[in-house]
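See structure below.
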Amino acid sequence: DSGVTQTPKHLITATGQRVTLRCSPRSGDLSVYWYQQSLDQGLQFLIQYYNGEERAKGNILERFSAQQFPDLHSELNLSSLELGDSALYFCASTMENTDTQYFGPGTRLTVL
Amino acid sequence: GESVGLHLPTLSVQEGDNSIINCAYSNSASDYFIWYKQESGKGPQFIIDIRSNMDKRQGQRVTVLLNKTVKHLSLQIAATQPGDSAVYFCAEMDGNKLVFGAGTILRVKS
């Protein structure tokens with residue numbers, strides 16, 4: 001158990017809908033990273049937050065957004081969902097001044 | 001788990017043998033590398049890391065070797081066990097983000 005928690009574990013929804021994925025980092029970790037894992041693209045970095053502020057952006061679609069709250073948990077919002085958004089979504093967290101990212105168990109999103 | 005879409009390479013080893021998983025990275029400026037293990041239905045699990053000022057680092061039953069000249073990373077697992085069966089990913093640090101390789105499936109035969 002990495003100490004990173006994610007909810008829900010599974011999510012099934014329809015095209016055009018909007019969902020919110022939640023992540024709680026390890027205790028004391030200030031940085032949260034979001035990744036998407038799909039069959040054809042592998043693990044891809046989406047976005048990073050540090051202590052509530054966006055720090056880095058990767059291949060994140062404009063339909064997707066994220067935020068990190070004062071209690072350091074983070075949410076990834078996915079809107080206007082398409083079939084191709086079906087994937088595993090992971091968050092990871094790190095302590096300050098370290099690079100090792102510890103991953104949560106992921107949320108499996110299925111868009112029908 | 002397996003990623004059929006990416007046609008991951010598979011390494012099959014006999015229980016008790018040593019495993020070597022290889023990875024080529026792309027950015028010669030990368031200075032931090034990590035190996036992760038991912039079991040079916042779970043998130044990537046940290047195994048071992050190495051910085052570019054080192055060429056070898058050992059953990060419990062695992063060793064990572066870094067060859068910066070040819071941009072190559074390897075993970076050696078000693079006395080491979082059935083519980084080692086998983087997909088193994090190398091990742092390099094690019095700024096703040098990790099860039100992952102496609103992964104290698106390790107199958108351990110009993």
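In plain terms, if you count all Cα to Cα distances in the protein assembly as shown and split them into 5 Å steps from zero, the share in each step is 1, 7, 15, 18, 19, 17, 12, 7, 3, 1, 0 percent. Backbone phi angles across segment B:86-93, fed through the Karplus curve with coefficients 6.51, -1.76 and 1.60 (θ = phi - 60°), yield HN-Hα couplings of 4, 9, 10, 10, 9, 9, 10, 7 Hz in residue order; Gly and Pro are listed as x.
Compactness ratio of segment B:12-110: Cα Rg over 2.2 N^0.38 Å, N = residue count?
On the way: Rg = 13.1 Å, N = 99, 2.2 N^0.38 = 12.6 Å.
In units of the globular-protein estimate, segment B:12-110 measures up at 1.04.
Taking other Cβ atoms within 10 Å as a rough exposure proxy, B:Val99, B:Val64 sort from fewest to most as B:Val99, B:Val64. Remark: B:Met93, A:Met95, B:Met54 ranked as B:Met54, A:Met95, B:Met93, counting other beta-carbon atoms within 10 Å and listing the fewest first. Equivalent ellipsoid of chain A: semi-axes from √(5λ) of the C-alpha gyration tensor, largest first, are 23, 13, 13 Å. If you count Lys pairs in the protein assembly as shown whose Cα atoms are under 30 Å apart, skipping same-chain pairs closer than 8 places in sequence, the total is 24. Across segment B:94-108, rounded Karplus estimates of 3J(HN,Hα) from the backbone phi angles (6.51 cos²θ - 1.76 cosθ + 1.60, θ = phi - 60°) give 10, x, 9, 9, 8, 10, 8, x, 6, x, 10, 8, 9, 10, 10 Hz, Gly and Pro being marked x.
Its Cα centre serving as origin, segment B:27-108 has a Cβ charge dipole (Lys and Arg +1, Asp and Glu -1) of approximately 120 debye.
What the Cβ-Cβ distance of B:Ser74 and A:Arg22 gives, at R0 = 25 Å and to the nearest 0.05, is a FRET efficiency of 0.10. So for segment A:46-112, Kirkwood radius off the Cα pairs, Stokes-Einstein at 20 °C and 1.002 mPa s: how many µm² s⁻¹? In µm²/s, the coefficient is 164.
In what sequence do B:Phe100, A:Phe45 fall when counting other Cβ within 10 Å, fewest first?
Details: B:Phe100 20, A:Phe45 23.
With the fewest neighbours first, B:Phe100, A:Phe45 line up as B:Phe100, A:Phe45.
Each residue of segment B:52-63 is assigned a 3J(HN,Hα), and the resulting list reads 6, 7, 10, 10, 7, 8, 10, x, 7, 6, 10, 9 Hz, derived from the Karplus form 6.51 cos²θ - 1.76 cosθ + 1.60 (θ = phi - 60°), x at Gly and Pro.
A Cβ-based charge dipole, computed about the Cα centre of chain A with Lys and Arg at +1 and Asp and Glu at -1, lands at about 260 debye.
Efficiency by 1/(1 + (r/R0)^6): what FRET value for A:Glu53 and A:Ser80, r their Cβ-Cβ distance, R0 = 22 Å, to the nearest 0.05?
Details: r = 26 Å, r/R0 = 1.17.
That pair, A:Glu53 with A:Ser80, gives E of 0.30.
Close amide-amide hydrogen proximity is noted between B:Leu8 and B:Ser3, each under 5 Å apart and 5 or more residues distant or on a separate chain (H modeled in the peptide plane; Pro and chain starts excluded).
Dipole orientation for chain A: of the candidates A:Tyr102, A:Ala56, A:Ala87, A:Ala87 has the Cα lying most toward the positive pole (charges on Cβ; Lys, Arg +1; Asp, Glu -1). Once backbone amide H atoms are built at 1.01 Å from N, A:Ala66 has A:Asn77 as its partners under 5 Å, excluding neighbours fewer than 5 places away on the same chain. Measuring r between the beta carbons of A:Asp1 and B:Ser28 and using R0 = 45 Å, the FRET efficiency lands at 0.80.
Quick note: the coordinates plus some simple rules give every number you see, no bench work behind them. Bear in mind that the values here come from a model prediction, so they are computed numbers and not experimental data. Cβ atoms come from the backbone with ideal geometry, glycine included; neighbour counts cover every protein chain shown.
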